Amino acid sequence: PRFLAPNARIANRYKANGFLDVSSIYSWLYAGRPTVIENGKAQYPMSHDPVDSSRDVFIIFDAHLLGDELFEMETTVYGSGYILRDLLDSLRGMKAGADDQPALEFQELPKLLLVGDPYQLTRGGRDKSLLGCQLFEQHKIGVAKAELNSQDRDELAPIERLDFQKILIAQLKSHKFVQLPVCQQGTIKTIGKGESTDNIATALLQWPRRTAYLCATNEAAQTVNRGI
């Protein structure tokens, strides 16, 4: 297996949890130094270790944080700027920016296992997300999708939080988000328009950090659902 993560920070998090050989997709896919400067931007070409399509399996963590939209910084550009196309092209033995090749479905590619959370916010458009697999489907590359809908609970599991998340996810899946789950700590409050909003904003910005879910009360819920 070859473990990849969307960036170095996430790669280091997985290393701390026992996956010692996780690389940032940028550090694996692109050269460590730029080759040319174009329009004031350093160009990093694709460059990585050889891939054995019959043996290598790529496991990409947090795949919902990778999207195939143009990404360029003020001073740097990696490959074509479209990281997922670069990844796919490199696994097919093509160079960045080369014309597409026909009969892609007959070319052997290594297997990829994408691990991510479809309910998290994506980077860029949802239709460009790696986890959605649209890029592979466009190129007629076979995809199998599976969703885990159970929770691991042991003696150290945060049971109250897991109960809260389970109900929340069920509402998201049904596209009906009318109320929050009942919080056992009793910290759900109804806020009238203009009541204590300044104090709430101040409290959220102070340490220790807190998380607040804001949702409409039932009078406005139908309008919200229709909008979603």
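The values are calculated or read from the model by the stated rules, or taken from the named source; none is laboratory data. Every value quoted in this text rests on a predicted model; they were computed, and no experiment measured them. Using ideal geometry, Cβ is built from the backbone for each residue, glycine included, and neighbour counts are taken over all protein chains shown. For the accessible areas, the whole protein counts, side chains as well, though only heavy atoms, and no ligand, DNA or RNA atoms are used. Shrake-Rupley method; radii C 1.70, N 1.55, O 1.52, S 1.80 Å.
Skip the ligands, DNA and RNA, and give the accessible area per residue of the range 10-99 with a 1.4 Å probe, whole Å². If you can, show how the numbers build up before the last one.
Numbers: 4940 Å² over 90 residues.
Accessible surface, normalised per residue, equals 55 Å².
Near the amide H of Tyr30, under 5 Å away, which other amide H atoms are found, from residues 5 or more places off or on another chain, if H is placed in the peptide plane?
Hits under the 5 Å cutoff: Ser47.
Could you tell me which GluC sites (Glu not before Pro) in the range 47-89 are loop residues by DSSP with no more than 11 other beta carbons within 10 angstrom of their beta carbon?
In loop regions of the range 47-89 (DSSP not H, G, I, E or B), the sparsely surrounded GluC sites (Glu not before Pro) are Glu74.
Answer rounded, prolate or oblate for the range 1-101, using the Cα gyration tensor with square roots of eigenvalues a ≥ b ≥ c: rounded when a/c is under 1.5, else prolate when a/b is larger than b/c, else oblate.
oblate
Return the sequence-ordered ³J(HN,Hα) values of the range 14-20 in whole Hz as given by the Karplus equation 6.51 cos²θ - 1.76 cosθ + 1.60 applied to θ = phi - 60°, using x for Gly and Pro.
So the J values, rounded to whole Hz, are 6, 4, 5, 9, x, 8, 6.
Per the 1.4 Å probe, what fraction of the accessible area of the range 1-72, in percent, lies on carbon and sulfur atoms?
On the way: 2010 of 4090 Å².
Of all accessible area on the range 1-72, carbon and sulfur atoms account for 49 percent.
FRET efficiency for Thr35 and Ala146, Cβ-Cβ distance as r, R0 = 35 Å, nearest 0.05? List each step's numbers first, then the result.
Details: r = 40 Å, r/R0 = 1.15.
E between Thr35 and Ala146, to the nearest 0.05, is 0.30.
5 Å is the cut-off here: which amide hydrogens, built 1.01 Å from N in the peptide plane, fall below it relative to Ile59, excluding neighbours closer than 5 in sequence?
Arg2, Phe3, Leu4, Leu113
Find out how many positive minus negative residues lie around Arg9, taking Lys and Arg as positive, Asp and Glu as negative, among other residues whose Cβ is under 15 Å from that of Arg9.
Result for the neighbourhood of Arg9: +2.
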